Amino acid sequence: MQMTIDFSGKTVLVVGGGRGIGKEIALTFAGCGADVVIGDYNADNGNQAVQEIEAKGRRGLFVPCNVVSRDEVDALVQKAVEFGGGTLDCVVNAAGVTSSSDTIQISEDEFHRIININLLGTLHVLQAGLRHMMEKKYGNMIVLSSVAGRTGSRTLTVYAASKAATISLMQAAAKTAAPCGVRVNSIAPGYVRTDMWNNILDGVSTGFSGGKLPDGYTAEQREADYDQQVREAVPLGRSQTCQDIAWAAAFLASDYAKEITGQVMAVDGGATMC
């Protein structure tokens, strides 16, 4: 049997779809035939993603949204439902932030910023999406977590804690939604080099003090630091790509995964094994 993922006639909402992993997920769904709504706080990024979706011959819509605001998330989901003619087939939450401050250095403001976007934002997306899907008794949701949420992190402790909580929240949502035939899963990316990694690498070089980079620290040294981290942490010895994560999202949203719910799919080159 040949496996083909076809989302023709489907409507997908990607929250945080303006750049990085979220954008690649949005474009992959469009490439599989879906019409895609982009929710993002950055209008330039969101509108650019829509242009690329439309270049693939699919319909796209950008809706500005800050996931910390319940009202904005509710409005985003409602507009996505209207865009889909009353049906929203899949919601992916890829909105998230990290920090280059460790447990000792992090301020309360930074702590709350990370928790509000990564955890409270995920709650808002799950609530709004599930209200619609559970009523329709159809659909699935995917939230991005992180391998750091499964193993902890010596340096990214608050980020890791927010992602661990996101995983637990996803599992609770999956149990709540299952009687209605709605699936909820998570993807835990490994070492995917996005803009967020620049903050992480800067933190490594400064001892996560929040200070300036050491004198003489070069872009080449930054890359060497990253390559060393990958070699030490990933059994396959290489980084993952945004496309790797997007393929996993397309699979989880498809009927090939119809018996999968409440699970964390690690796409990390073997960095976590269980």
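Key figures for this structure:
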item	result
Any hit, the stretch 99-115, residues being closer than 17 Å to G46 by Cβ and surrounded by 16 or more Cβ atoms within 10 Å (Cβ to Cβ)	no
Residues of the stretch 1-47 satisfying the condition of being surrounded by 16 or more Cβ atoms within 10 Å (Cβ to Cβ), polar (S, T, N, Q) and under 22 Å from R193 (Cβ atoms)	T28, N45
Scope the stretch 160-176; condition among the polar types (S, T, N, Q), surrounded by fewer than 20 Cβ atoms within 10 Å (Cβ to Cβ) and in contact with a Gly (Cβ under 7 Å, 6 or more places away or on another chain); matching residues	Q171
Subset tally (residues that are surrounded by 17 or more Cβ atoms within 10 Å (Cβ to Cβ) and over 20 Å from L144 (Cβ atoms)) for the stretch 226-245	1
Qualifying residues in the stretch 222-274 (those that are among the acidic types (D, E) and in a helix (DSSP H, G or I)) - the one nearest to K23 (Cα to Cα)	D244
Qualifying residue in the stretch 137-145 (condition: under 23 Å from P235 (Cβ atoms) and of a type outside the set (A, V, I, L, M))	yes
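Each row is one residue, and each column tells you yes or no for (1) outside any helix (DSSP H, G or I); (2) more than 23 Å from E259 (Cα to Cα); (3) touching a residue at least 24 places away in the same chain (Cβ under 8 Å).
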{"residue": "V92", "(1), (2), (3)": "yes, no, yes"}
{"residue": "T98", "(1), (2), (3)": "yes, yes, yes"}
{"residue": "I106", "(1), (2), (3)": "yes, yes, yes"}
{"residue": "F111", "(1), (2), (3)": "no, yes, yes"}
{"residue": "G121", "(1), (2), (3)": "no, yes, yes"}
{"residue": "L126", "(1), (2), (3)": "no, no, yes"}
{"residue": "L130", "(1), (2), (3)": "no, no, yes"}
{"residue": "M141", "(1), (2), (3)": "yes, no, yes"}
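Every residue, every condition in (1) modelled with pLDDT under 95; (2) within 19 Å of the chain's Cα centre (by Cα); (3) acidic (D, E), yes or no:
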residue: S69; (1), (2), (3): no, yes, no
residue: G85; (1), (2), (3): no, no, no
residue: T98; (1), (2), (3): yes, yes, no
residue: I104; (1), (2), (3): yes, no, no
residue: S107; (1), (2), (3): yes, no, no
residue: N118; (1), (2), (3): no, yes, no
residue: L123; (1), (2), (3): no, yes, no
residue: Q127; (1), (2), (3): no, yes, no
residue: G139; (1), (2), (3): no, yes, no
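The rows are residues; the columns are (1) under 19 Å from K79 (Cα atoms); (2) modelled with pLDDT of 95 or more; (3) within 19 Å of the chain's Cα centre (by Cα).
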position	(1), (2), (3)
G9	yes, yes, no
E24	no, yes, yes
Y41	yes, yes, yes
N47	yes, yes, yes
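The values are calculated or read from the model by the stated rules, or taken from the named source; none is laboratory data. Here the structure is a predicted model, which means the values were calculated and not measured. Please note: Cβ atoms are built from the backbone with ideal geometry, for glycine as well, and neighbour counts cover all protein chains shown.
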